Each structure stands twice: as C-alpha cells, then as structure tokens.
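One structure is given here, and the rest of the page talks about it.
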Amino acid sequence: MAPNNRPLPSFIADNSQDGIPYGRFAEETLAQPFRDAVAKIEDLPQGVEVPEEFDWFPERTWGGRVWFPVTAHAEGPEGPIELFGHVSHAVVEGESQPGDFRATADFTDVLAADNPDWKIDLNDDVIGRWRGENDRAGSVTLVWGRPLVQGAVAATGELEATTVDQAPVDKGRFTLIALDALEAYGDDVFLEVKLWNRRAIELASESLYAEGEPEEPEGDTGAEPG
C-alpha cells in the first residue's frame with residue numbers, strides 16, 4: 001500500500017477500562033482536586049454554591065495519564081451555571097494507588113436547558129500536542145458530552161469524514177480523545193462529533209467550533225507524552 005499523503009492520527013487514546021467512576025474514588029479521591037480547581041477560578045461569581053455531587057464521565061487514558069471529565073450544575077447570584085473540567089492522574093506501573101493528581105475547572109452560563117435546539121451538550125479541553133512530519137501538528141483534545149436526542153448508543157470523532165475515535169454512550173455520557181485544529185494539512189481541519197443509534201444511523205453532528213468562526217484552542221493543559 002502506498003504511503004498516505006495526508007495521515008490523520010486515529011485512536012490515539014486507550015479505550016475506557018472502568019467507565020464512569022463511582023464510590024469513594026469519585027466522591028473523595030477525584031472530587032477534592034476538582035473542588036480545589038473550582039476554588040481557583042478567578043472570575044467565578046461571588047456566592048456560587050458548589051454542589052456536593054458531581055457528574056463524572058467515562059475515563060480515557062492518553063499521554064501517561066488517566067483523564068476523568070466532570071460537570072456539575074451550581075447556583076449563582078444571577079442564575080444557574082455549569083461547572084466543568086477534568087481530573088487526571090499519572091499512570092505508574094507497579095503502583096497500587098494512583099498519584100500526581102491534577103485538575104482544571106471553569107464555568108459557563110450557557111446551558112443546554114436554555115437551548116432546546118441543541119442535540120449534543122459538549123465540553124472540551126486541549127490536553128496536549130501532537131507533531132507530525134512536514135510541520136503537521138494538532139491539539140490533542142479531551143471531549144465529553146451528553147446526547148440530547150433519544151436512541152444514541154455511540155459517539156464518534158471525525159476528521160475529514162474519517163473516524164479517529166469512538167466510544168459507547170454510558171449512562172447518557174461519553175468521552176473522546178482525538179486531534180483537533182490540525183495544522184499544515186492544507187485546509188483547516190476540525191474535529192466533528194457525531195452520535196449514532198443501534199442501526200448505525202447518524203442522529204446528530206456538531207463541530208467544536210461555530211461554522212465560519214473557528215476559535216483558537218485554549219491553552220495547553222497537559223504535557224506531551226514523552
């Protein structure tokens with residue numbers, strides 16, 4: 001087979017092994033780093049009440065770390081907001097307990113409940129960088145979300161109609177890790193998230209950026225594997 005002139009890195013992350021975290025691991029081990037990250041949000045409105053429970057999403061592993069996305073609804077002085085972010089820990093072979101926990105947190109007042117036309121409720125964050133030949137590069141992006149349509153059993157991430165990651169919908173939630181905002185591929189190439197039903201019929205599709213108004217990805221929040 002001839003060399004690929006436009007290679008698109010695919011399935012760069014491990015599949016979820018344990019699904020949505022639960023029990024003491026979720027409620028204590030993961031929750032505390034996320035609470036600490038929420039407390040560091042500089043522009044968080046005064047008086048926001050951080051909830052006791054968080055909504056965790058299936059874990060994925062990439063770059064020597066296990067990533068646990070999370071969201072939570074909170075009440076603010078001007079109405080409800082959504083807290084979102086992720087907690088990760090290092091993968092250390094031979095260690096019985098995970099270590100080197102890191103967390104990020106942010107918030108938004110743009111909620112799915114106020115947007116009945118949405119079909120997917122998505123969050124994303126850049127967690128690393130990929131570099132290829134001839135100046136090709138891309139942002140390794142953690143994507144997590146909820147289907148807002150009935151019947152979704154799987155989510156995929158696509159680049160130029162090529163599936164580069166996929167995950168089952170687990171209790172109404174999914175997590176992807178894939179490249180986004182590719183560089184030096186000619187035209188701009190952005191990740192598109194799609195939902196599928198049991199008959200492999202596409203139910204919804206959404207880019208991480210508004211059509212015609214691509215945004216620059218936010219700062220790199222994780223180290224490149226190496």
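The values are calculated or read from the model by the stated rules, or taken from the named source; none is laboratory data. This structure is a prediction, so every number in the text was calculated from the model and none was measured. Glycine also receives a Cβ, built like all others from the backbone with ideal geometry; neighbour counts cover every protein chain displayed.
Give the residue that is surrounded by the fewest Cβ atoms within 10 Å (Cβ to Cβ), with candidates limited to residues of the range 183-202 that are touching a Lys or Arg at 6+ places or on another chain (Cβ under 8 Å) and within 26 Å of Glu133 (Cα to Cα). Looking at the filtered set, the residue picked out is Gly186. Only one of the numbered conditions (1) farther than 26 Å from Arg198 by Cα; (2) at pLDDT 95 or above; (3) over 18 Å from the mean Cα position of the chain (by Cα) is violated by Val140, and that is (3).
Of the listed requirements (1) over 18 Å from Phe54 (Cβ atoms); (2) surrounded by 17 or more Cβ atoms within 10 Å (Cβ to Cβ), Arg173 misses just one: (1). If you go through the range 30-81 one residue at a time, how many are among the charged types (D, E, K, R) and in a loop (DSSP other than H, G, I, E, B)? Qualifying residue count, the range 30-81: 7. Being farther than 15 Å from Asp124 by Cβ and of a type outside the set (S, T, N, Q) is the requirement here; does Val70 meet it? So Val70 fails the test. Among the conditions (1) in contact with a Gly (Cβ under 8 Å, 6 or more places away or on another chain); (2) part of a loop (DSSP other than H, G, I, E, B); (3) not basic (Lys, Arg), the only one that Asp117 does not satisfy is (1). The listed residues are Gly222, Gly132, Gly128, and the only one of them that is touching a Gly at 6+ places or on another chain (Cβ under 6 Å), modelled with pLDDT under 90, among the small types (Gly, Ala, Ser) and under 28 Å from Ser88 (Cα atoms) turns out to be Gly222.
Using the structure shown, decide if Ala2 is among the aliphatic types (A, V, I, L, M), surrounded by 14 or more Cβ atoms within 10 Å (Cβ to Cβ) and either closer than 30 Å to Arg136 by Cα or at pLDDT 95 or above (or both). In short, no. Within the range 143-165, if we keep just the residues that are among the charged types (D, E, K, R) and surrounded by fewer than 22 Cβ atoms within 10 Å (Cβ to Cβ), the residue that is farthest from the chain's Cα centre (by Cα) turns out to be Glu160. Just checking, does the range 98-108 include any residue being outside any strand (DSSP E or B) and either in contact (Cβ under 8 Å) with a residue 60 or more places away in the chain or not charged (D, E, K, R) (or both)? Yes, that holds for at least one residue. For the range 65-85, residues that are surrounded by 15 or more Cβ atoms within 10 Å (Cβ to Cβ) and either aliphatic (A, V, I, L, M) or in contact with a strand residue (DSSP E or B) (Cβ under 6 Å, 6 or more places away or on another chain) (or both) total 14. Of Arg24, Arg6, all but one fail to be of a type in the set (Lys, Arg) and free of Cβ contacts under 8 Å to residues at least 60 places away in the same chain; the exception is Arg24. Quickly run through the range 13-29 and pick out the residues that are of a type in the set (A, V, I, L, M) and either in a loop (DSSP other than H, G, I, E, B) or touching a Pro at 6+ places or on another chain (Cβ under 6 Å) (or both). Result: Ala13, Ile20.
Within the range 52-65, the set of residues being in contact (Cβ under 8 Å) with a residue 24 or more places away in the chain, under 21 Å from Arg146 (Cβ atoms) and over 12 Å from the mean Cα position of the chain (by Cα) comprises Glu53, Phe54, Asp55.
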